[in-house]
Each structure stands twice: as C-alpha cells, then as structure tokens.
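Have a look at the structure below before the remarks.
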Amino acid sequence: MFNKKITGHILALLTVIVWGGTFISSKALLEGGFSAVEILVMRFLIGYITLWILLPMRLPYQGIRRELLMAAAGLTGMTIYYLAENIAVDYASPALVSILVCTAPFFCGIFAGIIMKEKLTKGFFTGFVIAIAGVAMVSLEGSSEGVNLGLLGSVLSMLAAVMWGIYLVIMQRVNSGGGNVIIITRRVFFYGLIFMIPAIFLGDFNLDIKAMFSGIMLWHMLFLGVVASALCFFTWNKILKVIGTMKASAYIYLVPLITMILSKIIRPNDKITIVTLIGSILILTGLVLSEYDGKRMQ
C-alpha cells in the first residue's frame, strides 16, 4: 500500500508538470491564428479518439445515476472549466487568472467535506493559505501586465476553480463504482465534447484542419490532445483512486510554478528573482502541509 501511494504521488507530480507545460502549445496555437474554442474542441476530440485506440471496449451501462455523474464530470471538469479559464484571460491578466484558478483545491476540500463527509485537516487550510500566497508571488512576478482586475475575468476564473473542485469530487464518486479507468475517462470526454457543441456555434469556430495538422502545429496539437488530455486525465482519475481527492487536488498549486520554470527554460535570459524564489518555497511548503495527515480538525 505504501508503494502504491508513493506511485500515486509521483503520477500526480508528473501530471501537473505536463499541465504546467501546456501553455507553450496553447500559446503557439493561439499565435498561429486558432481560437480558444477551436483548440479545446480538437484537443479533447483527439483525446477521445486516443482513449478508444488504447482500449476499444464499450463501457457497460450501469444505470442512469452513474451516467448522470459522468455527464456532470464532463460538463464541470472539461466544458465549463476550460471554457471559463480560456475566456477569463481575455478579460483579466493571466497572473490574476492563475491565482484564482489555483483556489480549486480549497473548493474541492469544501465540497468533499459536505458531500463525501471527508474531514478536513488544519494542515489543509494552512497549506492552502501559504500556497496561494506563493502562487500570487510567482504569478505576479512573472507577469509583464501586472494585475488587471477585470470583473468578468475574475468571475470566470473563480467559476473555473469551483468547477474543477466539483469535478474532482464527482470523479471520486464515479471511481468508487468500479470499472476500467480508461473507459470511464473516455465516457467523461464524450459528455464534455457534447456540452462543447453550443460553444462551437456561439464562439469563434472556423477551423482550418489543414493548417492545424501541418508542421509544428501538428506536434503542439498532439501534445495537447494525446498527452495533456487523454493520458493526463486518465492518470489523474487513477490518482484520485489511489491518494484521494484532497491530496490530489493540492498538486494544482504547482502548476503556476512549473509554468514559470518552463518559461525560464525557454527564455534563459530571464532572471529568477528573490520574490520568485520565496513564492516557490511557499508553494512547496503549502503543498506539504496540505498533504499532511496530522490531527484532524474537531
């Protein structure tokens, strides 16, 4: 069991490293003239097809309640979360969006406590406060735009955080019903894509397939669809079963830090400031405290 949990934590770290690096491919595709909606739809369609290739088996019908749970997971964790996050950066600074989205573990803990009766630890709340302070320092220091406190952008960022917290709790319930994680993840992708259909007609969707799947754009799209979507959502759902909802959610704190590190690798001339170092230490400290299984809160 100990080794299984260690494996779960390693998978969680590797997953958020990939998610922290998705900004490179997303930015490249956006600069290539593709809209956020086009990128999201193709990203998850590729992920859905990849999961079919990995395991071409149908998911047995286990009742309407389970189907509704998977549909809710697709709606919250894929459709609303990603649309809200991507639209938010048009109305608020990326720094502010990253800070607000990283409050997701807090909402996850609250929902898990209410719905699943999980007891929250002092370390969870203490870790949240410390980690968010670190996220703010890293995000603001790495932003050339400062903080644009756009009301709509802030609301959408908080909506994304709430949706991710709900998604994690829903997936914990889905996983508790048993079944192959690849097939379950694929069904969630299916519902997520269904709920994205309105965005295709309402948003900026005029996809040039030939341009998206040629040259370097192809590799960016495959990374987002195959690795960051299909494989990482599969590993994340597996992680939820191994280490639990709240422990898994705490790894979200690392995403802005990983993004910052990767951006420094891409732009080696950028200096890492003392503020960034302090923020990084706070994020790691908050993560450790959030993972601590100490005295339960009474």
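Observations, loosely collected:
- Selection status of Ile49, surrounded by fewer than 20 Cβ atoms within 10 Å (Cβ to Cβ) and either at pLDDT below 90 or not hydroxyl-bearing (Ser, Thr, Tyr) (or both): yes
- Odd one out for Val37 among (1) surrounded by 18 or more Cβ atoms within 10 Å (Cβ to Cβ); (2) closer than 20 Å to Thr235 by Cα: (2)
- You will find that of Ile166, Ile170, the residue that is surrounded by 23 or more Cβ atoms within 10 Å (Cβ to Cβ) and either out of contact with any His (no Cβ under 9 Å at 6 or more places or on another chain) or on the phi < 0 side of the Ramachandran plot (or both) is Ile170 and no other.
- The sole residue among Met221, Met217, Met246 that is touching a strand residue (DSSP E or B) at 6+ places or on another chain (Cβ under 9 Å), in contact (Cβ under 8 Å) with a residue 40 or more places away in the chain and either not basic (Lys, Arg) or not in a helix (DSSP H, G or I) (or both) is Met246.
- Only one of the numbered conditions (1) in contact with a Pro (Cβ under 8 Å, 6 or more places away or on another chain); (2) surrounded by fewer than 22 Cβ atoms within 10 Å (Cβ to Cβ) is not met by Lys5, and that is (1).
- Candidates Ala133, Ala211 - the one that is within 18 Å of Val255 (Cβ to Cβ), assigned to a helix (DSSP H, G or I) and at pLDDT below 90: Ala133
- Qualifying helices (runs of 4 or more DSSP H) (wholly inside region 1-95; at least 3 residues being aliphatic (A, V, I, L, M) and either without any contact (Cβ under 8 Å) to a residue 24 or more places away in the chain or more than 21 Å from Ser154 (Cα to Cα) (or both)): 2-31, 36-54, 64-74
- Residue count, region 198-254 (criterion: over 20 Å from Val188 (Cα atoms) and under 13 Å from the mean Cα position of the chain (by Cα)): 5
- Members of region 214-250 found to be within 20 Å of Thr50 (Cα to Cα) and among the polar types (S, T, N, Q), listed by number: Ser214, Ser229, Thr235, Asn237
The values are calculated or read from the model by the stated rules, or taken from the named source; none is laboratory data. Worth saying up front: this structure is predicted, and the values here are computed from it rather than measured. Cβ coordinates were reconstructed from backbone atoms using ideal geometry, including for glycine residues, and neighbour counts include every protein chain displayed.
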